[in-house]
Amino acid sequence: MNKTDASNNQNNHQQQDNTRNKNDLIIDQGFPALNTFQLSSTTNGTSTSSPPGEPSQQDPIPRYPFASFPSALKFANDSASSSSSPSSMMMQDLLHDCQIAFTARTKEDSSAYSSGSTFFIPALMKPRCALERLALDIFQAHTKDLEPGTHYDLERSGAEWWTLVLDTSSKNRTSDGADDNHGNEDDDDDDDEVGMHFDADYGLEHQLPHYMVHPRVATVTYLSNVGVPTLVLNRKSPPPTDVEKKSLNGPVDKGWLSYPMVGKHIAFDGRLLHGAPGTFFPAMSVEEDVKTSGNDAKKRRLNENVSEEESKNCMSRSTTTTCPQRITFLVNVWLNHCPIDAELLDDDLCGQMKTRWNGGNENENEKKKSHSSDDELKINQETSNRQSKKRDANETSDDIAQSFSPWTWNWQQVSNPPKVPKVVAHSTKGSKQTAAASAAAGTDECVICGREVDIHYQSEMNALHEISSDTYHVEGKSMEIEFESHSVEIVVGGQVEDSDDDDDSEEEEEEE
């Protein structure tokens, strides 16, 4: 073999090794990291790469632990509507689409939870319906200032999305918004509660136990004005080395509370524990504050028996205050990784969507890529053709020509969000008086990371409800809560026997 052949052979092996490394999944502090690995030109066996566990300087998101954008989503009006609220027909179509996507997340007859399946649209794919367009809008907003190839791998990134249409069970709330069920644990009618959980690639975690890989940013966009608020706690998931999940233990220093409001968008670090524990932070009525105390209660499960006809009752911003459903559009921003169990929305479901939108808009991520392969163009064209064939037979070309974007985004402050007010939650723990100790609000019993977990709310229930009321009435309906020492404390218990099923349940509750 001459020197040229030897050099070519070495280059071929180098390229194969680089390709193999490029396809590796690199996890950096719970996030899929951009794989810029090259064969190490080590000296004395020491690699020049950054020390493991240190945050990458090439990862500018998440930008903040929590942000709230009260007027991020503005809805369009048709000619029949002169108000600033979205037109009834447009909103009806949008909520119809949310119901279609929600009911597609089927559940087993024996399960109180949905299957937990979510949808995924790659960053480079052309959206086929309004909900896919909405998901990509959110992805593009949170990655606007990032450079593909420098900050993330565009071909391995995208938006995981799903919808929740949950009955708010107004019959169990008094006129002042408080729970009138008196802590009856057998009543499962408070359907809009969502157990505390982490958003993660649980399909991957089943294959690699204890490895929880998270989206960079988790988001909630509210499409109704009612329901239990979202609670985000400043507690990240355990690292892979923490098999017993001991790092979850201990007091939580702060959290964020967000009430639903049509068009409001919140975003937070995808590694944070979150949910909607309505017992401690209840839904509000429009008329009055919460003024009643509550009782200890356990985590309630979701009941998804919501009819399509009920969803059509929510027609506009002005009427959603009496709508019996809490409607949210959830998007996780994934960089450098696509969650294993998230699927592309089925073509048949796309064909059932009603919301009109301008499908001709170019995907902004396509502009970031200099060219697309012939196969990608062919796939997009075939998808577009299938979608066209599924249009209603009564729809005319004039109708299609009049399609429009049903919303506009106000993203001026996405990198510098408005500040949210702060409030302090005081603790009853530490007092030697039995009466004070008994005044604690109660315990939320959860299954997190395959473990029995108790979240102790050790403020008085009245105090938590007052914080809820203050949050509901403040501009933007979001507040940061500073938890006084031990006012919220997490205690990790034993491993759940059927951990696979319970991990599935944790994923199925996935919401904010």
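Can you pull out every residue in region 454-489 that is in a loop (DSSP other than H, G, I, E, B) and either under 17 Å from Lys429 (Cα atoms) or open to solvent by 50 Å² or more (accessible area, probe 1.4 Å) (or both)? Outline the logic, then answer.
The initial filter retains those residues of region 454-489 that are in a loop (DSSP other than H, G, I, E, B), namely 474-477, 484-487.
Within region 454-489, Glu475, Glu484, Ser485, His486, Ser487 qualify.
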Please indicate, with yes or no, whether at least one residue in region 199-208 is in a loop (DSSP other than H, G, I, E, B) and surrounded by fewer than 21 Cβ atoms within 10 Å (Cβ to Cβ).
yes
Taking the condition at pLDDT 55 or above and assigned to a loop (DSSP other than H, G, I, E, B), does Asn332 pass?
no
Taking Thr434 as meeting all but one of (1) over 30 Å from His210 (Cα atoms); (2) at pLDDT 95 or above; (3) of a type in the set (Val, Ile, Thr), write down the number of the exception.
(2)
Hits in region 204-253 (condition: at pLDDT below 95, of a type in the set (Ser, Thr, Tyr) and closer than 27 Å to Phe281 by Cβ):
Ser224
Filtered residues of region 255-279 (kept if more than 21 Å from Gln413 (Cβ to Cβ), open to solvent by less than 10 Å² (accessible area, probe 1.4 Å), touching a Ser or Thr at 6+ places or on another chain (Cβ under 8 Å) and not aliphatic (A, V, I, L, M)):
His274, Gly275
Working carefully through the options Leu154, Leu136, Leu164, Leu146, find the one that is open to solvent by less than 20 Å² (accessible area, probe 1.4 Å), of a type in the set (A, V, I, L, M), in contact with a Gly (Cβ under 9 Å, 6 or more places away or on another chain) and touching a residue at least 40 places away in the same chain (Cβ under 8 Å).
Leu136
Sole miss for Val194 among (1) modelled with pLDDT of 95 or more; (2) within 15 Å of the chain's Cα centre (by Cα); (3) β-branched (Val, Ile, Thr) is condition (1)
Looking at Ile61, is it among the aliphatic types (A, V, I, L, M), part of a loop (DSSP other than H, G, I, E, B) and either at pLDDT 85 or above or over 24 Å from Gln325 (Cα atoms) (or both)?
yes
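The values are calculated or read from the model by the stated rules, or taken from the named source; none is laboratory data. All of these numbers come straight from a predicted model, not from anything done at the bench. So basically every Cβ, Gly included, is an ideal-geometry build from the backbone, and we count neighbours across all protein chains shown. For accessibility, only protein heavy atoms count, side chains too; no ligands or nucleic acids. Shrake-Rupley method; radii C 1.70, N 1.55, O 1.52, S 1.80 Å.
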